[in-house]
Amino acid sequence: MHLHMFECPNLTRIAITAPTSSMQLMVLIGKYPRLEHLALHNLVVDHVPAQASMVRSGRYISEYLEPADTCIKHLYLKHSMAYGTVKKASVLVSFVMLLLPSLETLATIVDTIQEISGVLCDYKPFYPHLQNIELRNANAHYFKP
C-alpha cells in the first residue's frame, strides 16, 4: 500500500484490512490532521521507531513529547500475537498514545493492553489525556469506521 497516493487531507475515517507496517501507522497519524477514526486490522510491527523505544525508560516523563497534529479519537490496532510481537507492539502503542492528546478509545489485543497498563500509570501525571482513554479488547470489539 502506498500512502503517498492518497491526497485527501479532510479524511476523518480510515479502516485498512491489508497488512500495514508500523512506519505506515506513523505516516497516517502525521498525514491526515482531521482523522478521527483509524482502524488497522492487520498491523505488522516490523519496526519500532527509536523514539518509541525510549517510552519504557521513562524518558518522556522528564522530556515532554510534542503531540501529533491530529484529531484521532478512536484507534483500533490489531496485530499478530507471535512471540516478540506483543512486546514491540506495546512499546509502539504506548508511544502512539503519548502522541495523541485527542485519543478517547484504544482497541488492541488483550496482551498488549496488559503490557501498556504499567506505562499508562507512569505517564498519567505528565500526560493528563491518558486518564480519559478507554482501553478495549480488539478481539471482542469490532471497530466501525
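The values are calculated or read from the model by the stated rules, or taken from the named source; none is laboratory data. Because the structure is predicted, anything quoted here is derived from the model rather than measured. A quick note on method: Cβ atoms are made from the backbone with ideal geometry, for glycine too, and the neighbour counts reach across all protein chains shown. We work out accessible area using only protein heavy atoms, side chains counted, and drop any ligands, DNA or RNA first. Shrake-Rupley method; radii C 1.70, N 1.55, O 1.52, S 1.80 Å.
Couple of notes before you dig in:
- Dipole magnitude (debye, nearest 20) for the range 40-145, charges at Cβ of Lys, Arg, Asp, Glu: 220
- The Cα-based radius of gyration of the range 1-63, divided by its Kirkwood radius, gives an Rg/Rh of 1.03.
- Accessible solvent surface per residue of the range 1-143, calculated while the other protein chains remain in place, 1.4 angstrom probe, Å²: 50
- Electrostatic dipole magnitude of the range 1-75 [Cβ: Lys, Arg +1; Asp, Glu -1; Cα centre; debye, to 20]: 160
- Inter-probe distance in nm under a simple model that places probes 7 Å from Cα toward Cβ, at R34 and F126: 3.5
- Contour minus Cα-Cα distance for L135 and Q114 (0.36 nm per residue): 6.5 nm
- Of the accessible area of the chain, computed with a 1.4 Å probe over protein heavy atoms only, carbon and sulfur atoms account for 55 percent.
- The range 44-108: Rg to Rh, with Rh as the Kirkwood radius over Cα pairs: 0.96
- Rg to Rh quotient for the range 62-145, alpha carbon positions, Kirkwood Rh: 0.95
- Taking 0.36 nm per residue of separation and subtracting the current Cα-Cα distance, fully stretching the chain between S62 and M23 would add 11.5 nm.
- Spatially close lysines, pair count over the chain: Cα under 20 Å, gap of eight or more or interchain: 6
- For the chain: rounded, prolate or oblate by the Cα gyration tensor [a/c cutoff 1.5]: rounded
- Cα→Cβ-extended label distance, 7 Å offset, between C71 and E104, nm: 1.2
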